[in-house]
1. Just G125, G104, G155 to compare: in a GNM of the chain, with alpha carbon springs under 10 Å, which one fluctuates most?
2. Under a plain spin-label model, where a point goes 7 Å from the Cα along Cα-to-Cβ, how far apart in nm are T51 and Q162?
3. Place +1 on the Cβ of every Lys and Arg and -1 on the Cβ of every Asp and Glu in the chain, take the dipole about the Cα centre, and give the residue among H202, S7, S27 whose Cα lies farthest towards its positive end.
4. Just how many pairs of Lys in the chain have C-alpha atoms closer than 28 Å, counting pairs that are eight or more places apart or on different chains?
5. I'd like the Karplus ³J(HN,Hα) series for the range 36-45: coefficients 6.51, -1.76, 1.60, θ = phi - 60°, whole numbers in Hz, and an x wherever there's a Gly or Pro.
6. Over all distinct alpha-carbon pairs, what is the Kirkwood Rh of the chain in angstrom?
7. Among L157, L208, L165, which one shows the highest mean-square fluctuation when the chain is modelled as a Gaussian network with alpha-carbon springs under 10 Å?
8. Between N89 and S184, with labels modelled 7 Å along Cα→Cβ, what's the label distance in nm to one decimal, could you check?
Amino acid sequence: MKEPQISVLIADDHPIVRKGLRSVLESDGRVLVMHETDNGGSALQLIRQSTPDVAVLDVEMPVMDGFEVAAAVMDEGLNVQLVIMTMHNDEQTFNHAMNLGVQGFVLKENAVAEIRNAILAVSGGRHYFSPALSDYMVRRGSGPAASPAGEPDIGQLTRAEQKILRLIAENKTTRAIADELFISPKTVEKHRSNICSKLNLHGAYALLRFALTNRSRL
């Protein structure tokens, strides 16, 4: 049986950007672009009315900006995953998005290349952010997620788990890891769960932050 398509809304006030994103997404049979709009006000209305699986929101838009739309979505408990796009590569903007609870953050300069992976990741319950932002993620919180007893022992991981941890440190999504290792996404998720359990990592970003912080040890 064919899997249902991932429904997407694109909100950006630049028609060329919307056209480019739509072209990339519509080339993937797993994705369906339901709506596109040029302002945040109509984006929020469309999200309320249609409940797409994923909404791609530019930060700077008329009526409501992307952050205002995201805040409204969270406040209203709407069942949609959010990907924020921006041309601003700065830590304050990144942290603002993360504090709102958005699942994806993509730099606009890389949006055409990254948007499909971002949508596939967030629709699958994972987080995605542009690789160029890795250092910002590492600095979030008080430091690397570690066991209260001290530095987690990577040596206790199996060879397969260590390989997956290295790929996570490269900011690869579950699907990308599955494709590279010729295993199912469910198997990757099981390995991720086992890694977190062995290293005593908890929270949405804990495993990713640990992998990025400890890249030199992997």
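No value in this document is a laboratory result; all are computed from the given coordinates. Just so we're clear, the structure is a prediction, and the values are computed from it rather than from any experiment. Neighbour counts are summed over all protein chains in view; Cβ atoms, including those assigned to glycine, are modelled from backbone coordinates with ideal geometry.
1. Greatest mean-square fluctuation among the candidates belongs to G155.
2. 4.6
3. Checked the options; the winner is H202.
4. 16
5. For the range 36-45, the Karplus curve yields 9, 8, 10, 8, x, x, 5, 4, 5, 4 Hz.
6. On the way: mean 1/r = 0.0555 Å⁻¹.
By the Kirkwood definition, the hydrodynamic radius is 18.0 Å.
7. Between L157, L208, L165, it is L157 that shows the largest mean-square fluctuation.
8. 3.9
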